[in-house]
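Peer 1: Got a structure for you, written out below as structure tokens; questions coming shortly.
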Amino acid sequence: MTYSHEVEMMCPVAQGVHHGAAPIPEEAKWVKAKEIKDISGFTHGIGWCAPQQGTCKLTLNVKEGVIQEALVETIGCSGMTHSAAMASEILPGLTILEALNTDLVCDAINTAMRELFLQIVYGRSQSAFSEDGLVVGAGLEDLGKGLRSQVGTMYGTLAKGPRYLEMTDGYVTGIALDADDEIIGYKFINFGKMMDFIKAGDDANTAFEKASGQYGRVADAVKIVDPRKE
């Protein structure tokens, strides 16, 4: 290490009180993190690209500094889905510092990684007070039984009003209107369940019926409107 002449000429003065890093909560322990391997945690974060055309929700499960599990969910940009595919291959096995400094292909995913890094190293993880943290595989629980992202897609205009297109229940096939043309419920098809039924041997029509459902006062509706056509 090279010192400037001014520093070389200084007389030594003992360094005073030094308590080290402040402890952060990690998996039901208080840890003074000094190295990447000192970091563990499970958490979520979101990121966005420069044109703000799309966003990414990233979920990571970190054990002793190494990413063991990654869930990459994107919305709003077709190219993001391919970026997410690559990120899901890249992230597991990297330390969180490596992941922070790795090109995850999409700005939104890179931004999400930055936000997660900050949360985890500051002890703001979902598993901060869970003994031994969350098991590898916990990320899939966010998706539910059908292993599909929780997506809400709605559209509205002043001239024609709102259209429900997709709820967490599933793809909306009809919105129920009362006598005043106000929405009082909706019908939907859960694609995750439908695909499970088809894989189990049901034909498409049977699977469609079994995976269909409704919410609200559909039975009281004056009319059912197809939100994509009417």
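Peer 1: What length, rounded to one decimal in nm, is gained on full extension from LYS37 through to LEU147, with 0.36 nm per residue of separation minus their alpha-carbon distance?
Peer 2: Between LYS37 and LEU147, full extension yields an extra 36.5 nm.
Peer 1: Could you identify which residue out of ASN110, ASN205, ASN61 has the top mean-square fluctuation in a GNM of the chain using Cα springs shorter than 10 Å?
Peer 2: Checking each option, the largest mean-square fluctuation is seen for ASN205.
Peer 1: Something else now. Quick one: angle between helix 78-90 and the longest Cα principal axis of the chain, in degrees between 0 and 90, rounded to 10, please.
Peer 2: 50 degrees
Peer 1: On to the next question. Specify the angular offset, from 0 to 90 degrees and rounded to the nearest 10, of the alpha carbon long axis of helix 107-121 from the longest principal axis of the alpha carbons in the chain.
Peer 2: Once rounded, one gets 60 degrees.
Peer 1: Next up: So which of LYS145/LYS229; LYS57/LYS193; LYS57/LYS210; LYS193/LYS229; LYS63/LYS145; LYS29/LYS63 end up more than 19 Å apart by C-alpha?
Peer 2: From the list (LYS145/LYS229; LYS57/LYS193; LYS57/LYS210; LYS193/LYS229; LYS63/LYS145; LYS29/LYS63), the Cα-Cα distance tops 19 Å for LYS145/LYS229; LYS57/LYS193; LYS57/LYS210; LYS193/LYS229; LYS63/LYS145.
Peer 1: For the stretch 28-119, which trypsin sites (Lys or Arg not before Pro) are both in a DSSP coil and crowded by at most 11 other Cβ atoms within 10 Å?
Peer 2: Filter output for the stretch 28-119: LYS32, LYS34.
Peer 1: Still on this model: The stretch 41-70 to the stretch 143-164: how many Å between their Cα centroids?
Peer 2: 23 Å
Peer 1: Among (1) 28; (2) 38; (3) 54, which is the computed percent of Cα pairs over 27 Å apart?
Peer 2: (3)
Peer 1: Let me ask you something else. Would you mind computing the Rg to Rh ratio of the stretch 153-225 from its alpha-carbon coordinates, Kirkwood style for Rh?
Peer 2: Value, to two decimals: 1.06.
Peer 1: Now, a different point. Sum -39500 (n - 2.57) across every DSSP H segment of at least 4 residues in the chain, then divide by the residue count to get the 222 nm mean residue ellipticity, nearest 500.
Peer 2: Per the formula, -6500 deg cm²/dmol.
Peer 1: Kindly list the residues of the stretch 151-184 that lie in the label zone of VAL222, defined by a backbone N under 14 Å from the point 7 Å along the Cα-to-C-beta vector.
Peer 2: Counting only backbone N, you get 176-184.
Peer 1: Mind listing which chymotrypsin sites (Phe, Trp or Tyr not before Pro) in the stretch 1-77 are in a DSSP loop and have 12 or fewer other Cβ atoms within 10 Å?
Peer 2: Sites meeting the loop and neighbour criteria: TYR3.
Readers should treat all values here as calculations from the given coordinates under stated rules, not as data from a laboratory. What you see is a predicted model, and the numbers here were worked out from it, not measured in a lab. Positions of Cβ are backbone-derived with ideal geometry, glycine not excepted, and every protein chain shown enters the neighbour counts.
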